[in-house]
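Chemist: Quick one: the structure is below, and I'll ask about it shortly.
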Amino acid sequence: MNRYSLAILMVSLLTVSNGWAQDDELTISSWGGSYVAAQSEVFFEPFEKEHNVRINLRPYNGGIAPLELLENPGHASWDVIDMTESDALAACNHRLIAEFDRSILHPAADGTPPRKDFVRSSFFKCGIGHLSYATVLAYDERAFAAIKPNSVADFFDIERFPGKRAIQRTPKGIMEWAMLSYNVPVRQIYDLLSTKRGFRLVTHRLNQIRDHIVWWDEGHEPVELLREGKVVMASGFNGRFYDARTNQNIPITIIPDGQFLELSVWTIHRQARRPDLAAKFIGFATSTERMVAFSNTLPYGPTRKSAIDRIGLHAASNASIREHLPMSEFASNRRIRTDSEWYSGTETLRNRWFNEWLNSAGE
Amino acid sequence: MNESESSPAHYGVVTTILLLAGLGSTIGIIVSILAIGFLEGIAWLNTEFLIAPHERIQLETRPLILALVVIGVPAVGGLIVGFIIYYFVSVRRPLGPPDTILVVQTRGTPQPLGSGIMSTLAAMISLGCGASVGQYGPLVYLGSIVGSLANVLKLKVPNLQAICIASGVAAAISVSFNAPIAGMVFAHEVILRHYAVKAFAPTTVAAAMGFIFANVVFDRPPLFLVVFEGIQHGYEFIFFALIGILGAFVAVGFSKGVLYCQNYASRSRIPAALRPMVAGTILGVVALQIPDVLGIGQETLRFATIDNAFEINELALIIIAKVAVTILCLGFGFAGGVFSPILLIGILFGALCGSVLDQLQIVGHSGVVPYAICGMMAATSPVIGAPLAMILIVFELTRNYDLTIAAMVAVVFSNLLASRIFGRSMFDIQLAARGFDLTLGRISAIISYGSITHIMRSEYPRFHPDDKIGKVAFQLAHIGRTAGIIIGDNDRVVGIVHVGDCTGLAPTTPLGDVMNRNTMRFSESTNVGEALEAFRQSKYEVAPVISSKSQDLLGVVYESDVISEYRRVSDRIRNEENEPI
């Protein structure tokens with residue numbers, strides 16, 4: 001052993017002992033805006049106090065590319081990631097996230113085991129679904145004084161409802177909405193999208209609004225774009241729009257038609273530095289009590305039956321929050337449930353098509 | 001022929017009603033479960049074998065594997081189907097609605113249960129592997145298998161087998177289309193060919209039970225959902241009628257193609273067991289370019305109702321390709337029906353008509369939906385021979401009154417024309433080729449089917465050419481007959497004599513001098529209808545039945561027996577059609 005390597009050994013020993021001296025740290029990657037604000041209030045701060053841990057937040061905006069980057073040496077490590085279910089499935093297939101151990105889940109207050117308390121669809125091989133959210137279409141009330149947009153087809157109708165549309169820069173959602181605008185029944189959407197003709201129809205629909213699209217990447221953008229009057233309609237997450245309307249008094253109305261339902265999934269990165277602490281956090285955040293607290297802050301649906309039964313009034317405004325939940329019976333009858341298996345299997349194809357379409361813009 | 005046909009009912013009215021209703025609902029429930037199992041089985045195979053676009057798209061980034069799957073699956077499926085049909089189905093061809101119609105109409109014995117099950121299994125594999133054949137034909141047959149099982153109960157209810165088979169068929173159509181009214185009408189229109197109250201009750205119960213079971217217990221999705229605002233212009237009905245007329249040609253062309261190909265295949269040198277594999281391979285090659293031809297084509301069916309989903313030349317190409325591969329698959333022995341492929345061909349044809357109209361831009365129209373539906377029904381109803389059931393299927397599937405009226409117009413014109421230039425249905429043409437010709441009605445079909453041997457007599461006076469006519473005339477008068485058969489030394493028929501020929505001649509004249517050597521002869525393949533016609537033109541009331549193989553004399557047939565048989569059949573039909581409970 002030469003002096004050089006000895007020096008390295010010394011330094012690393014120092015680093016490790018230094019780590020021990022400090023509080024425990026947990027790195028969580030989640031979405032921004034009012035969503036992460038609510039998460040901080042309901043999950044992160046109480047967890048930090050209870051377990052004497054410091055939580056480092058890292059921004060994450062979906063996809064599996066950021067996780068692939070983490071594989072490279074020298075990148076910071078993530079412990080817990082809040083992913084969409086289709087991303088979670090794809091990441092699991094690519095072995096980027098660890099298999100999920102169900103024993104970390106807490107039983108309900110009355111002792112009902114998690115296996116029975118969680119809705120069945122929330123169990124994933126590499127994660128646990130913790131809330132359902134809807135990607136919805138919404139419009140600025142000020143932009144349409146007379147007739148209001150009421151359906152997915154109206155979103156694509158530039159003549160009747162002129163103005164810019166804000167759409168997330170991803171093929172997700174927009175493909176399904178294009179299909180719905182052709183009156184394709186919800187249960188056949190993914191079958192038709194599995195054909196070249198389906199892709200062609202989507203392209204045709206998108207071409208009709210091509211010059212009127214403003215792309216957004218982060219979940220808080222659509223609300224801002226609508227507030228600033230830069231767009232008249234936007235796709236976005238139901239909780240963000242609710243928050244904008246209720247807490248910020250921005251006149252945004254959600255179109256009930258064609259809400260796009262998905263689960264948000266807690267996952268643990270395969271190379272997490274603190275898998276033990278990550279597991280402890282997921283157990284804490286998916287307890288009935290925390291789930292209820294979160295849903296009372298933002299109208300996202302909990303995945304525990306015991307939590308669904310306990311949802312009451314919106315914490316800030318005291319308005320009933322139940323009817324704003326994505327799975328509420330007050331929502332639309334054309335609700336799209338993501339076909340995550342199809343999503344993870346067509347990732348490459350969809351992205352290729354989408355990028356080709358983006359690049360052909362302006363022609 | 002069944003013995004129970006002439007025996008009176010052994011039960012009271014209440015018991016009979018309860019029996020029929022009980023049988024109807026039991027059959028309805030069993031058929032419902034089996035039909036859903038059949039459909040789910042196909043869906044499962046389609047998923048596992050990557051035939052469904054939903055799964056196939058996941059291979060889109062690996063074109064070589066995709067090509068192997070698209071060609072390999074139908075080819076291997078074809079091999080398995082060919083093997084099953086050849087070795088396990090007694091008649092060595094897939095069973096379907098014509099077999100059901102034949103059994104019900106002739107009160108014959110159904111094909112062995114094992115053959116029926118294996119044929120159904122072969123159909124499931126055919127459809128599961130993407131063969132371009134229909135699922136409803138096998139489902140109808142499945143329904144009839146369940147219905148015919150009621151025979152084991154040995155209930156003393158006249159005409160029970162036919163009623164139970166019809167109930168099974170009604171339930172099968174009811175479950176597969178989610179259309180109980182159409183199912184009930186289909187059973188009468190296609191299988192029973194009458195609307196007697198006695199059959200009406202159990203078929204309706206079966207159709208309703210099947211529907212309820214499928215919808216309430218299993219929560220099956222509707223087959224076909226379509227959003228339609230209504231017909232915008234009155235003159236569009238003229239176009240619907242035109243589509244009906246053009247649709248008749250599509251239907252006739254398709255049916256003739258299938259029949260021709262079946263004929264051609266049976267004469268070809270490719271071994272029967274290997275034919276489906278040949279068809280499967282060709283299908284796969286075509287599907288590489290035009291994936292719409294694979295399987296039932298649920299997605300293509302839906303696209304046809306979307307404006308501008310296809311270019312006009314693309315539509316024409318898919319129609320031609322689908323017709324060609326369906327004719328090939330059916331002709332070369334894949335097990336399956338004609339219903340689903342012709343539905344798809346028809347809806348694409350209707351969409352083509354709608355698109356052409358749209359391109360011409362001479363008049364406004366209500367979009368592609370009503371044209372697609374009209375085309376679908378105009379092409380399908382002459383092939384199936386069920387105009388009423390077709391109209392009801394549109395009504396029950398779309399729940400849209402405007403669309404139903406439009407489809408009705410198309411169906412009527414299409415059926416009128418097709419029945420003139422082709423026949424009532426493809427099933428009837430297939431049955432006619434097997435000797436059961438329904439064109440002139442049920443009585444004529446039944447008496448013209450099968451052999452005359454069941455009314456042949458083996459006890460009869462035998463005369464020799466050397467017999468004296470006095471003795472012959474006396475003998476004939478004694479048994480009350482006017483003609484007799486004359487048999488030579490080698491036990492061969494040499495002539496016939498009528499008592500009228502003997503009048504005024506010396507009683508000692510040998511029979512050989514007066515007999516008529518041009519004897520009318522029947523064989524074991526002669527049927528009652530032919531015999532009736534032959535006797536009508538002959539003065540002799542008796543005719544020998546001679547084996548066409550050995551030339552041996554099998555027996556004789558008397559005109560009176562033929563007339564009795566005719567009466568028996570027509571009485572039976574009349575009773576069946578007017579039977580109260």
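Chemist: If a residue has to be at pLDDT 90 or above, farther than 19 Å from B:Asn151 by Cβ and crowded, with 24+ Cβ neighbours inside 10 Å to count, how many in the stretch B:176-189 make the cut?
Modeler: Total meeting the criteria: 6.
Chemist: One residue is enough: does the stretch B:144-165 have a residue meeting the conditions under 26 Å from B:Met408 (Cβ atoms) and either part of a helix (DSSP H, G or I) or of a type in the set (Ser, Thr, Tyr) (or both)?
Modeler: Looking for residues that are under 26 Å from B:Met408 (Cβ atoms) and either part of a helix (DSSP H, G or I) or of a type in the set (Ser, Thr, Tyr) (or both), one finds none in the stretch B:144-165, hence no.
Chemist: If we keep just the residues of the stretch B:196-224 that are surrounded by fewer than 16 Cβ atoms within 10 Å (Cβ to Cβ) and under 30 Å from B:Leu160 (Cβ atoms), which is nearest to the other protein chains (Cβ to nearest Cβ)?
Modeler: B:Phe218
Chemist: Additional query: Look through B:Leu317, B:Leu301 and report the one residue that is out of contact with any helix residue (DSSP H, G or I) (no Cβ under 8 Å at 6 or more places or on another chain), hydrophobic (A, V, I, L, M, F, W, C) and either within 14 Å of another protein chain (Cβ to nearest Cβ) or not in a helix (DSSP H, G or I) (or both).
Modeler: Matching residue, one of B:Leu317, B:Leu301: B:Leu317.
Chemist: Answer yes or no as to whether B:Ile485 is in contact with a strand residue (DSSP E or B) (Cβ under 6 Å, 6 or more places away or on another chain), in contact (Cβ under 8 Å) with a residue 60 or more places away in the chain and either under 20 Å from B:Ser560 (Cα atoms) or not in a strand (DSSP E or B) (or both).
Modeler: When the stated conditions are applied, B:Ile485 passes them.
Chemist: Could you list all residues from the stretch B:144-162 that are touching a Cys at 6+ places or on another chain (Cβ under 9 Å) and among the basic types (Lys, Arg)?
Modeler: Within the stretch B:144-162, none qualify.
Chemist: Let me ask something else. Would it be correct to say that B:Leu288 is closer than 27 Å to B:Trp44 by Cβ, surrounded by fewer than 17 Cβ atoms within 10 Å (Cβ to Cβ) and either in contact with a His (Cβ under 8 Å, 6 or more places away or on another chain) or more than 14 Å from chain A (Cβ to nearest Cβ) (or both)?
Modeler: Spelling it out, it is not the case that B:Leu288 is closer than 27 Å to B:Trp44 by Cβ, surrounded by fewer than 17 Cβ atoms within 10 Å (Cβ to Cβ) and either in contact with a His (Cβ under 8 Å, 6 or more places away or on another chain) or more than 14 Å from chain A (Cβ to nearest Cβ) (or both).
Chemist: Evaluate the stretch B:65-86: report whether one residue or more is in contact with a Leu (Cβ under 7 Å, 6 or more places away or on another chain), within 14 Å of chain A (Cβ to nearest Cβ) and surrounded by 19 or more Cβ atoms within 10 Å (Cβ to Cβ).
Modeler: For the stretch B:65-86, residues in contact with a Leu (Cβ under 7 Å, 6 or more places away or on another chain), within 14 Å of chain A (Cβ to nearest Cβ) and surrounded by 19 or more Cβ atoms within 10 Å (Cβ to Cβ): present.
Chemist: Would you mind listing the helices (runs of 4 or more DSSP H) fully within the stretch A:303-363 where at least 3 residues are modelled with pLDDT of 85 or more?
Modeler: A:347-359
Chemist: Which of the residues spanning the stretch B:256-292 are farther than 16 Å from B:Val325 by Cβ and either in a helix (DSSP H, G or I) or at pLDDT 90 or above (or both)?
Modeler: B:Lys256, B:Leu259, B:Asn263, B:Ser266, B:Arg267, B:Ala272, B:Ala273, B:Leu274 - these are the residues of the stretch B:256-292 that are farther than 16 Å from B:Val325 by Cβ and either in a helix (DSSP H, G or I) or at pLDDT 90 or above (or both).
Chemist: In the stretch B:559-574, which residues are touching a Ser or Thr at 6+ places or on another chain (Cβ under 9 Å) and either more than 14 Å from B:Ile455 (Cβ to Cβ) or not in a helix (DSSP H, G or I) (or both)?
Modeler: B:Asp571, B:Arg572
Chemist: Let me ask something else. Restricting to the stretch B:437-483, and then to whatever is more than 26 Å from the chain's Cα centre (by Cα) and aromatic (Phe, Trp, Tyr), can you tell me which residue is nearest to B:Gly423 (Cα to Cα)?
Modeler: In this case the residue turns out to be B:Tyr460.
Chemist: Working carefully through the options B:Val293, B:Val227, find the one that is within 30 Å of B:Val175 (Cβ to Cβ), touching a helix residue (DSSP H, G or I) at 6+ places or on another chain (Cβ under 7 Å), within 14 Å of chain A (Cβ to nearest Cβ) and among the β-branched types (Val, Ile, Thr).
Modeler: Checking each option against the conditions leaves just B:Val293.
Chemist: Please pick out the residue among B:Pro271, B:Pro341 that is more than 14 Å from chain A (Cβ to nearest Cβ), over 27 Å from B:Leu397 (Cα atoms) and not hydrophobic (A, V, I, L, M, F, W, C).
Modeler: Criteria check complete, one pass: B:Pro271.
Chemist: If a residue has to be more than 19 Å from A:Gly198 (Cα to Cα), of a type in the set (A, V, I, L, M, F, W, C) and crowded, with 23+ Cβ neighbours inside 10 Å to count, how many in the stretch B:43-64 make the cut?
Modeler: Selection size over the stretch B:43-64: 0.
Chemist: Does B:Ile320 qualify as being of a type in the set (A, V, I, L, M, F, W, C), without any contact (Cβ under 8 Å) to a residue 24 or more places away in the chain and over 21 Å from A:Tyr182 (Cβ atoms)?
Modeler: yes
Chemist: Quick one: in the stretch B:90-111, of everything that is in a loop (DSSP other than H, G, I, E, B) and either within 14 Å of chain A (Cβ to nearest Cβ) or touching a Pro at 6+ places or on another chain (Cβ under 9 Å) (or both), which residue is surrounded by the fewest Cβ atoms within 10 Å (Cβ to Cβ)?
Modeler: B:Ser90
Chemist: Okay, moving on. Residues B:Gly441, B:Gly423: which one is among the small types (Gly, Ala, Ser), crowded, with 19+ Cβ neighbours inside 10 Å and free of Cβ contacts under 8 Å to residues at least 60 places away in the same chain?
Modeler: After ruling out the rest, the residue left standing is B:Gly423.
Chemist: Touching a strand residue (DSSP E or B) at 6+ places or on another chain (Cβ under 8 Å), assigned to a helix (DSSP H, G or I), in contact (Cβ under 8 Å) with a residue 40 or more places away in the chain and buried (at least 21 other Cβ atoms within 10 Å of the Cβ), is that true of A:Leu89?
Modeler: For A:Leu89, the condition - touching a strand residue (DSSP E or B) at 6+ places or on another chain (Cβ under 8 Å), assigned to a helix (DSSP H, G or I), in contact (Cβ under 8 Å) with a residue 40 or more places away in the chain and buried (at least 21 other Cβ atoms within 10 Å of the Cβ) - is met.
Chemist: Taking the stretch B:247-263, which residues are over 15 Å from B:Gln430 (Cβ atoms), aromatic (Phe, Trp, Tyr) and surrounded by fewer than 17 Cβ atoms within 10 Å (Cβ to Cβ)?
Modeler: Across the stretch B:247-263, there are no qualifying residues.
Chemist: OK, next. Just give me the residues in the stretch A:236-259 being assigned to a strand (DSSP E or B) and either touching a Lys or Arg at 6+ places or on another chain (Cβ under 8 Å) or crowded, with 24+ Cβ neighbours inside 10 Å (or both), in sequence order.
Modeler: A:Gly236, A:Phe237, A:Ile252, A:Thr253, A:Asp257, A:Gly258, A:Gln259 - these are the residues of the stretch A:236-259 that are assigned to a strand (DSSP E or B) and either touching a Lys or Arg at 6+ places or on another chain (Cβ under 8 Å) or crowded, with 24+ Cβ neighbours inside 10 Å (or both).
Chemist: Out of A:Gly229, A:Gly239, which single residue is at positive phi and not basic (Lys, Arg)?
Modeler: Just one listed residue meets the conditions, A:Gly229.
Chemist: OK, next. Within the stretch B:330-355, which residues are part of a helix (DSSP H, G or I), of a type outside the set (Gly, Ala, Ser) and within 18 Å of the chain's Cα centre (by Cα)?
Modeler: Matches in the stretch B:330-355: B:Leu330, B:Phe339, B:Pro341, B:Ile342, B:Leu343.
Chemist: Return the residues of the stretch B:28-43 that are in contact (Cβ under 8 Å) with a residue 60 or more places away in the chain and under 23 Å from B:Ala122 (Cβ atoms); say none if nothing qualifies.
Modeler: Hits for the stretch B:28-43 are B:Ile30, B:Val31, B:Ser32, B:Ile33, B:Leu34, B:Ala35, B:Ile36, B:Phe38, B:Leu39, B:Gly41, B:Ile42.
Chemist: Considering every residue within the stretch B:116-139, establish whether at least one is over 22 Å from B:Gln262 (Cα atoms), assigned to a loop (DSSP other than H, G, I, E, B) and out of contact with any strand residue (DSSP E or B) (no Cβ under 7 Å at 6 or more places or on another chain).
Modeler: No: zero hits.
Chemist: Which ones in the stretch B:51-64 are in a loop (DSSP other than H, G, I, E, B), within 11 Å of another protein chain (Cβ to nearest Cβ) and out of contact with any Ser or Thr (no Cβ under 6 Å at 6 or more places or on another chain)?
Modeler: Result: B:Ala52, B:Glu60, B:Arg62.
The values are calculated or read from the model by the stated rules, or taken from the named source; none is laboratory data. In this text the structure is predicted, and so the values were computed from the model without any measurement. No Cβ is skipped: glycine too gets one built from the backbone with ideal geometry, and neighbour counts run over all protein chains shown.
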